[in-house]
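Have a look at the structure below before the remarks.
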Amino acid sequence: MALATNLGFPRIGPKRELKKAVESYWAGRINREELMNTAAEIRQGNWKLQQESGLDYVPCGDFSYYDHMLDTIAMAGAVPERYGWSGGDVDLETYFAMARGIQSKGKDGLDAPAMEMTKWFDTNYHYIVPEFSSKTKFKLSSTKVIDEFKEAASLGIKARPVLVGPVTFLLLGKAHADDVKPPALLDDLLEVYVEVLKLLREAGAEWVQLDEPCLVLDLTKEARAAYRTAYEKLTKAVPGLKILLATYFDELRENMKLAFSLPVAAVHLDLVRAPQQLDAALKTIPRKMALSVGVVDGRNVWKTEFDKVINTVHTAADVLGNERVMVAPSCSMLHSPVDLKAEKKMDGEIKQWLAFATQKVSEIAVITKAVNKGEAAVAEELKANREACANRKTSRKIHNDATKKRSAAVTDAMMNRKSPFAARRKVQQEALQLPAFPTTTIGSFPQTPEIRAIRADFKSGKKSLDEYNAAMKKEIEYAIRFQEEIGIDVLVHGEAERTDMVEYFGERLNGFVFTTFGWVQSYGSRCVRPPIIFGDVFREKPMTVEWAIYAQSLTKLPVKGMLTGPVTILQWSFVRDDQPRSETCRQIGLAIRDEVVDLEAAGIQVIQIDEPAIREGLPLRKDRWNEYLEWAVNCFRLSASGVRDETQIHTHMCYSEFNDMIEAIGRMDADVISMETSRSQMELLQAFRDYKYPNEIGPGVYDIHSPRVPSEAEMEALLRKACEVISADQLWVNPDCGLKTRRWEEVKPSLQRMVSAAKKLRAKG
Ligand code: GLN
Ligand code: ZN
């Protein structure tokens, strides 16, 4: 019998109950016990739901108060010294202190910033980065996974505990420069894992799932050796407990032999991202080992095509026998919204194409049943699934011939500005007459409680469209006057009308649909609700032009038109899986291009197309970077190149690594790029110098993530530093990113000082 399994279920609760409880706890509104009760309710609800849906094993240990890497840090007692932890069990206070930083009062009060956070592989989930040093001494300091296993058992639920695997845990951590390399810590760490596995076995666990997604990356020799050491030691030390080695997010490739040669009881493969690896796997897998086939997409929202997937599972079962097959999602469902049933307002036709975590669990059960008992046993489910899938393929909602034609007819010329940068620069200088070191901002101004209230009132019908528009105009005017007053050179309208830079455009483009409760965890208690791109994308009418015209009508100075770029819109959405991402991106590129052209026609001389997410789309394997960068850069260029030479195109990026993709940034050919650099003290500019970046650059001179108001001298010093690396006539002066999370009390003095710093540089030359 093939087994129906899951690798992980969303832990936020169907209505973000965990977020609310955790935040109430932080605010002191509920106590520890109340928080723990909510957590237990979520866990138990998830288990029951999965068991009742027909899973043979449900995961436990996949729950987390904040993050699963942080749970592993706690388990291993890898608490950095600055949190004042003195051993024993890692308590909730220390746990949250690592996640959020701590400033406690009293004479031995702690003052320690949070641990670093970064993206979990190529998802939009962020994990806490473990810190290692030569002083790191691992010791079992949290029995969370064992407690949860027992909790499930007490409810009569057979759970398969999940842990981040020891090698992935070490590889994702960072060691202090002069200190040890993580693999050196392996032996010590394995002691903790051995202890945990023994306790799990004692508690009655039959299986344990160890997540080792690092196996899909380019690995060093040391890392590969670490895998062998780790898994040989674990199986030897804890006989009788079966290990499922879970890999996901990509194919194993050259690491496949390694994975299958480890003494584990089963290996999990992501067959959604990398279906092609099944054949090789079936040839490589040793006798007796089981295979977990990840056939239901754990990180997207589409209904699984049963016919296709049942076939895949049969292919595996024909070689291995049913009893060596586990049916599973491609990866943990952490990245998927919880329950489609909660979507009462969604268009019914579109809804039938979708499956969220709750539905995916049922899908796994149905597929497994079909494989074990024959298709007749699930005839009804298959019929409904076939109908939904057939409808999706042909629906008029999805397919728009005009868009398809237009996208197929994109030419190279459409992706090139009319003249090269040097020529454009000349006419732009004449048209704009900007001073040296021109000042600007990234787009948004503070989203005040008043702005949010007006938006909410408009949405609920308490305020009319006219009232709403009038309020937004007032905000725009306020922003324009303020910028004029302090002497900014290229103004922005402030983005008061936008809740979110992707949502705003998604709501105005065809081919997008939004959910009411489709939340997924982004980090800790923060959840996002990505739009779903279900069909061909096109723009029916201008999206931002009226606001831009209004803003420009208030001033003689140039006001930047502000748009979100095609790659960022793609990256921060759930994307249709029935055509390549590059094609969807190109359609968005064309829609943004229309907007750019309309802005120009309306008299807007400077247009910014934000691409903060372009780097996030990089494939996990380096040898596929070029292919991605090629289409991503082309889509940006397509969106930007419909305008005359006089029109100045800006782009903006905010992440901290440019070195490894500087050429691609160059190929984007934006007239001006602004980006985050202040925290690295301008060091990132080195890459631009080495590459001889020809266009103009605005390296951020202050960190907008902090409420701190920087001094003029600080910003001046940073600019001087920038001048040492980049020619002064290429430089712009701006903050690191948009200001929407800040308050006017911070923004006003900061920008005033920024302008003074720029003026100093102009004067001193
Ligand atoms: N224009 C956007 C803003 O200022 C850019 C945000 C971003 O880079 N994430 O808010
Ligand atoms: Zn930014």
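Numbers at a glance
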| item | result |
| --- | --- |
| Sole residue being surrounded by 13 or more Cβ atoms within 10 Å (Cβ to Cβ) and of a type outside the set (S, T, N, Q), chosen from Ala431, Ala422, Ala402, Ala409 | Ala431 |
| Filter result (hydrophobic (A, V, I, L, M, F, W, C) and within 16 Å of ligand 2 (Cβ to nearest atom)) within region 613-660 | Ala613, Ile614, Phe636, Met653, Cys654, Phe658 |
| Single residue of Gly561, Gly506, Gly518 found to be touching a Lys or Arg at 6+ places or on another chain (Cβ under 6 Å) and either in contact (Cβ under 8 Å) with a residue 24 or more places away in the chain or part of a loop (DSSP other than H, G, I, E, B) (or both) | Gly518 |
| Complete set of residues in region 652-662 that are within 16 Å of ligand 1 (Cβ to nearest atom) and under 29 Å from Asp218 (Cβ atoms) | Met653, Cys654, Tyr655, Ser656, Glu657, Phe658 |
| Residue count for region 611-642, restricted to those that are over 19 Å from Arg406 (Cβ atoms) and either part of a helix (DSSP H, G or I) or more than 16 Å from ligand 1 (Cβ to nearest atom) (or both) | 18 |
| Residues of region 748-758 classified as closer than 16 Å to Gly698 by Cβ and either free of Cβ contacts under 8 Å to residues at least 60 places away in the same chain or more than 16 Å from ligand 1 (Cβ to nearest atom) (or both), total | 4 |
| Whichever residue in region 584-605 is of a type in the set (A, V, I, L, M, F, W, C) and away from ligand 1 (no atom under 16 Å from the Cβ) and, among such residues, is surrounded by the most Cβ atoms within 10 Å (Cβ to Cβ) | Ile588 |
| Number of the exception - Gln608 against (1) under 24 Å from the mean Cα position of the chain (by Cα); (2) farther than 21 Å from Gly698 by Cα; (3) within 16 Å of ligand 1 (Cβ to nearest atom) | (2) |
| Qualifying positions in region 545-581 - more than 16 Å from ligand 2 (Cβ to nearest atom) and closer than 30 Å to Ala355 by Cα | Pro566, Leu570, Ser573, Phe574, Val575, Arg576, Asp577, Asp578, Gln579, Pro580, Arg581 |
| Options Pro710, Pro694; residue that is away from ligand 1 (no atom under 16 Å from the Cβ), in contact with a helix residue (DSSP H, G or I) (Cβ under 8 Å, 6 or more places away or on another chain) and under 24 Å from Glu485 (Cβ atoms) | Pro710 |
| Residue list for region 673-682, filter: surrounded by 24 or more Cβ atoms within 10 Å (Cβ to Cβ), away from ligand 2 (no atom under 11 Å from the Cβ) and touching a residue at least 40 places away in the same chain (Cβ under 8 Å) | Thr677 |
| Failed item, numbered, when Ala436 is tested on (1) hydrophobic (A, V, I, L, M, F, W, C); (2) closer than 30 Å to Met472 by Cβ; (3) not in a helix (DSSP H, G or I) | (2) |
| Sole residue being modelled with pLDDT under 95 and not aromatic (Phe, Trp, Tyr), chosen from Ser678, Ser750, Ser674 | Ser678 |
| Matching entry among Val567, Val537 (being of a type outside the set (Asp, Glu), touching a strand residue (DSSP E or B) at 6+ places or on another chain (Cβ under 6 Å), at pLDDT 95 or above and not in a loop (DSSP other than H, G, I, E, B)) | Val537 |
| Evaluation of Glu475 against (1) within 20 Å of Gly561 (Cβ to Cβ); (2) over 23 Å from the mean Cα position of the chain (by Cα); (3) within 16 Å of ligand 2 (Cβ to nearest atom) (one fails), failing number | (3) |
| Contacts under 6 angstrom Cβ, first residue in region 713-730 being assigned to a loop (DSSP other than H, G, I, E, B), partner at pLDDT below 95, 6 or more apart | Ile726/Leu685 |
| Residue within region 66-85 that is of a type in the set (Lys, Arg), farther than 18 Å from Pro161 by Cα, under 24 Å from the mean Cα position of the chain (by Cα) and surrounded by fewer than 21 Cβ atoms within 10 Å (Cβ to Cβ) present | no |
| Test: residue in region 735-747 that is part of a helix (DSSP H, G or I), farther than 28 Å from Asp669 by Cβ, more than 16 Å from ligand 1 (Cβ to nearest atom) and under 32 Å from the mean Cα position of the chain (by Cα) | yes |
| Helices (runs of 4 or more DSSP H) completely within region 304-401 that count 2 or more residues being without any contact (Cβ under 8 Å) to a residue 24 or more places away in the chain and within 26 Å of Leu3 (Cβ to Cβ) | 306-320, 379-394 |
| Condition met for Gly518 (farther than 24 Å from Phe9 by Cβ and buried (at least 22 other Cβ atoms within 10 Å of the Cβ)) | no |
| Residue match in region 448-461 (condition: under 19 Å from the mean Cα position of the chain (by Cα), modelled with pLDDT of 95 or more and not in a strand (DSSP E or B)) | no |
| Selection count, region 484-503, where residues are free of Cβ contacts under 8 Å to residues at least 60 places away in the same chain and either assigned to a loop (DSSP other than H, G, I, E, B) or surrounded by fewer than 20 Cβ atoms within 10 Å (Cβ to Cβ) (or both) | 6 |
| Glu495 vs. criteria within 16 Å of ligand 1 (Cβ to nearest atom) and either at pLDDT 95 or above or not charged (D, E, K, R) (or both) | yes |
| Test: residue in region 247-266 that is in contact with a strand residue (DSSP E or B) (Cβ under 9 Å, 6 or more places away or on another chain), surrounded by fewer than 16 Cβ atoms within 10 Å (Cβ to Cβ) and not charged (D, E, K, R) | yes |
| Failed item, numbered, when Asn46 is tested on (1) under 26 Å from the mean Cα position of the chain (by Cα); (2) surrounded by fewer than 22 Cβ atoms within 10 Å (Cβ to Cβ) | (2) |
| Any hit, region 714-728, residues being within 16 Å of ligand 2 (Cβ to nearest atom) and surrounded by fewer than 19 Cβ atoms within 10 Å (Cβ to Cβ) | no |
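The values are calculated or read from the model by the stated rules, or taken from the named source; none is laboratory data. Every value quoted in this text rests on a predicted model; they were computed, and no experiment measured them. Using ideal geometry, Cβ is built from the backbone for each residue, glycine included, and neighbour counts are taken over all protein chains shown.
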